[in-house]
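The structure under discussion appears below in the form of structure tokens.
Values quoted throughout were computed directly from the atomic coordinates according to the rules given, and no laboratory measurement underlies them. Note that this is a predicted model, so its numbers are computed, not measured. Please note: Cβ atoms are built from the backbone with ideal geometry, for glycine as well, and neighbour counts cover all protein chains shown.
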């Protein structure tokens, strides 16, 4: 089965007007980006299913309460408390098992090794200076199709002098498909609110944000958004391909 190994780092960021930057990142593979309408419908369906499960848990089995949210449950309930499988913050699938792939929507792509998401440290630098993260990336995928080629999604955040975390920009870019070393620049943008919202953001540090950050992958949904250019995230990646030539596919000048 063809494989794609992505090794490199999030080097840093430049041209941002915010100080003390850090970055949340995710590599998305094998899943078509959903529109905002599809996400709203999916959210409603998920919320309805969750309420139905909670109703079944309250009405059936008796003694199945799980007050501490650890998902252990003591009685006839199924013990699958909502707190039992915590989201784990910014950490993505690290072991590539079926549940991780389902959670991230992988279809014709499978995560073999590595973490497909993470977060850098905060680089304490004044606004306008280049942030240096040198955050390692090492992800290994297998695939049965070229559809859904890996993309990197970034969210850049800033910590101000009051300890508030302010959105600095969203960005997305495809991982290069040619084997070898590549320098990737992810140009970022951020939503812009009304004049009143900007004034509120100035005093309270509450900037406009996307309800679903993965909407940054969908160009169609950005048509109705008022945005402004932010800075640039710099990546250095080495792409290693294996098994594609046996399927009649060749990339660049390397052997894959």
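If you take the square roots of the eigenvalues of the alpha-carbon gyration tensor of segment 124-230 and sort them as a ≥ b ≥ c, do you get rounded (a/c under 1.5), prolate (a/b over b/c) or oblate? Could the numbers behind the result be given before it?
Working: a/c = 2.70, a/b = 1.57, b/c = 1.73.
In terms of gyration-tensor shape, oblate.
Given a Förster distance of 41 Å, report the FRET efficiency between residue 144 and residue 206 from their Cβ-Cβ distance, rounded to the nearest 0.05. Could you put the intermediate results ahead of the total?
Working: r = 44 Å, r/R0 = 1.08.
My answer for the efficiency is 0.40.
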Within segment 168-194, name every residue whose backbone N is under 11 Å away from a label modeled 7 Å from Cα of residue 229 along the Cβ vector.
187-189
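Can you tell me how much longer the chain between residue 132 and residue 165 gets when fully stretched, taken as 0.36 nm per residue apart minus their C-alpha distance, in nm with one decimal? Let's see the in-between values first.
Numbers: separation 33, 0.36 × 33 = 11.88 nm, distance 1.83 nm.
Here the answer is 10.0 nm.
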Packing-based order for 173-181, 160-168, using average beta carbon neighbours within 10 Å, highest first:
173-181, 160-168
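Which whole-number percentage describes the relative contact order of segment 127-209, with Cα contacts under 8 Å and a sequence gap of 6 or more?
On the way: 78 pairs, mean separation 18.1, N = 83.
Averaging sequence separation for qualifying contacts and normalising by length gives 22 percent for segment 127-209.
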